[in-house]
1. Please work out if residue 191 is buried (at least 20 other Cβ atoms within 10 Å of the Cβ), outside the structural domain of residue 87 (by TED's automatic domain parsing) and touching a helix residue (DSSP H, G or I) at 6+ places or on another chain (Cβ under 6 Å).
2. I'd like to check something: does the range 122-131 contain any residue that is in the same structural domain as residue 41 (by TED's automatic domain parsing), farther than 20 Å from residue 220 by Cα and surrounded by fewer than 22 Cβ atoms within 10 Å (Cβ to Cβ)?
3. For residues in the range 41-61 being farther than 10 Å from residue 10 by Cβ and in contact with a helix residue (DSSP H, G or I) (Cβ under 6 Å, 6 or more places away or on another chain), which is surrounded by the most Cβ atoms within 10 Å (Cβ to Cβ)?
4. Going by the conditions given, is residue 176 in contact with a strand residue (DSSP E or B) (Cβ under 9 Å, 6 or more places away or on another chain) and free of Cβ contacts under 8 Å to residues at least 60 places away in the same chain?
5. If I ask for residues that are surrounded by 22 or more Cβ atoms within 10 Å (Cβ to Cβ) and assigned to a helix (DSSP H, G or I), which ones from the range 137-149 would you list?
6. Only one of these is within 18 Å of the chain's Cα centre (by Cα), in a strand (DSSP E or B) and closer than 23 Å to residue 100 by Cβ: 224, 198, 192. Name it.
7. Just one of the numbered conditions (1) without any contact (Cβ under 8 Å) to a residue 60 or more places away in the chain; (2) touching a strand residue (DSSP E or B) at 6+ places or on another chain (Cβ under 9 Å); (3) within 26 Å of residue 226 (Cα to Cα); (4) surrounded by fewer than 18 Cβ atoms within 10 Å (Cβ to Cβ) is not true of residue 118; which one?
8. So which residues in the range 207-216 are assigned to a helix (DSSP H, G or I) and crowded, with 22+ Cβ neighbours inside 10 Å, if there are any at all?
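The values are calculated or read from the model by the stated rules, or taken from the named source; none is laboratory data. Keep in mind that what you see is a predicted model, and the values were worked out from it rather than measured. All Cβ positions, glycine included, derive from the backbone under ideal geometry; neighbour counts span all protein chains shown.
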């Protein structure tokens, strides 16, 4: 099977969860049935949202550094558990010779396959992802309507940065649900967890409903691309 390279550290918990999901979702009866994975938990990568908003250093150099290191270490293809970082995907790809699976693109395709073009997708994501319209662009190509929070975008940012990234899990998901309720009021019937901290939050708080979890989609795509089989019982 092919070896997976993970450009991680954005944040570390999301990296842990992606690794875990790949292991849980891989059909295996012994260690040797699992996929070889090389992880660079590169916590030196600058904040992607701050860079996009013109408030911080570009992450490109560190993203490329990780990609090259993983390629040199034997990775056959790359995955990246950070939605906002995909704004810089073309700059990474031109610096390596191996493929990089596009998580937002795969998540949009999955949405279309599962819910069809009548879905109205409420996007929950960082300010950087919202500003660059990463997901809106992929959904528009598929003819799927999207909505973004108006009153509660600050709440979802606070949940991402002050609850999940800071490890303040006891604060609970109230901020998340405020954003969810606004999106429902606006007319959304499918909800995109467009930040890997939100994917991690779904695993932590056991969110249920019509959620699209891009990290789960990415884990499945990576397993299949590597040549592995899916364990249908390893979803929860």
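1. no
2. The answer is no; no qualifying residue exists.
3. 49
4. Against the criterion (in contact with a strand residue (DSSP E or B) (Cβ under 9 Å, 6 or more places away or on another chain) and free of Cβ contacts under 8 Å to residues at least 60 places away in the same chain), residue 176 qualifies.
5. 139
6. 192
7. The failed condition is (3).
8. The answer is 214, 215.
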